[in-house]
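Since the structure comes first, as structure tokens, the remarks are kept for the end.
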Amino acid sequence: MATGKSPTPASQELQQTNAAARPGLRKPVFVKIEQLKPGTNGHTLIVKVVSSNTVLQKGRSVSQHLRQTRIAECLVGDETGTILFTARNDQVDQVKPGTTIILRNAKIDMFKGSMRLAVDKWGRIEIADPEDFVVKEDNNLSLVEYELVNVAEE
């Protein structure tokens, strides 16, 4: 019996087959603010933070056991429009006014009939190099109110 394990030709072939069967990382498809629709997800955007407003801060930061909850509503935008972005906890520190950020795997949440952009645990926020576009502030998608309509089947 051998004490050290060396890969057999069959196991090496299986590993190569599994590696070839796995899909590689796809190139991100960047979308613009005006393309966002209610109930969609998986968006990757490059946006500038226009403003940030902390709306909830609870919990004690002195206690190690109690986690502090922070929520901020940030107006973010690109050259096609703006939308409110809901930043939670550590995300609040990354979204400072004037900063250009990349939102990966962002989703659209509905809040009181209006769209809100959010990044959950499956997404990511990255600080990006400053972009040279001018934010179109007169097209705020969060000001558009949507109504859920039930369609009766005949």
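The values are calculated or read from the model by the stated rules, or taken from the named source; none is laboratory data. Here the structure is a predicted model, which is why all the values come from computation and not from measurement. Cβ sites come from the backbone with ideal geometry, for glycine too, and all protein chains shown count toward neighbours.
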Considering the range 126-143 alone, what residues qualify as being part of a loop (DSSP other than H, G, I, E, B), surrounded by 13 or more Cβ atoms within 10 Å (Cβ to Cβ) and either aliphatic (A, V, I, L, M) or in contact with a Pro (Cβ under 6 Å, 6 or more places away or on another chain) (or both)?
-> A128, V135
Given (1) under 17 Å from the mean Cα position of the chain (by Cα); (2) at pLDDT 90 or above, number of the condition D120 does not satisfy | (2)
Taking only the range 85-113 into account, find how many residues are in contact (Cβ under 8 Å) with a residue 40 or more places away in the chain and either touching a Phe, Trp or Tyr at 6+ places or on another chain (Cβ under 8 Å) or among the hydrophobic types (A, V, I, L, M, F, W, C) (or both).
-> 9
For E154, all conditions in the list (1) at pLDDT below 85; (2) among the charged types (D, E, K, R); (3) surrounded by 12 or more Cβ atoms within 10 Å (Cβ to Cβ) hold save one; what is the number of the exception?
-> (3)
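Sort out which residues of the range 116-125 are out of contact with any Lys or Arg (no Cβ under 8 Å at 6 or more places or on another chain) and not in a loop (DSSP other than H, G, I, E, B), and write them in order of number. Reasoning before the result, please.
Taking the range 116-125 as the starting set, the residues that turn out to be out of contact with any Lys or Arg (no Cβ under 8 Å at 6 or more places or on another chain) are 116, 121-122.
Once the filter is applied, which keeps residues that are out of contact with any Lys or Arg (no Cβ under 8 Å at 6 or more places or on another chain) and not in a loop (DSSP other than H, G, I, E, B), the range 116-125 yields only R116.
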Does the range 138-153 contain at least one residue that is under 14 Å from E34 (Cα atoms), touching a residue at least 40 places away in the same chain (Cβ under 8 Å) and touching a Phe, Trp or Tyr at 6+ places or on another chain (Cβ under 8 Å)?
-> no
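Does K27 satisfy the criteria of being at negative phi and modelled with pLDDT of 85 or more? Break it down into steps so the answer makes sense when it comes.
Numbers: at negative phi: yes; modelled with pLDDT of 85 or more: no.
For K27, the condition - at negative phi and modelled with pLDDT of 85 or more - is not met.
Go through the range 35-53 residue by residue and tally those that are of a type in the set (G, A, S), part of a strand (DSSP E or B) and closer than 30 Å to V149 by Cα.
Going through the range 35-53 one residue at a time, the tally reaches 1.
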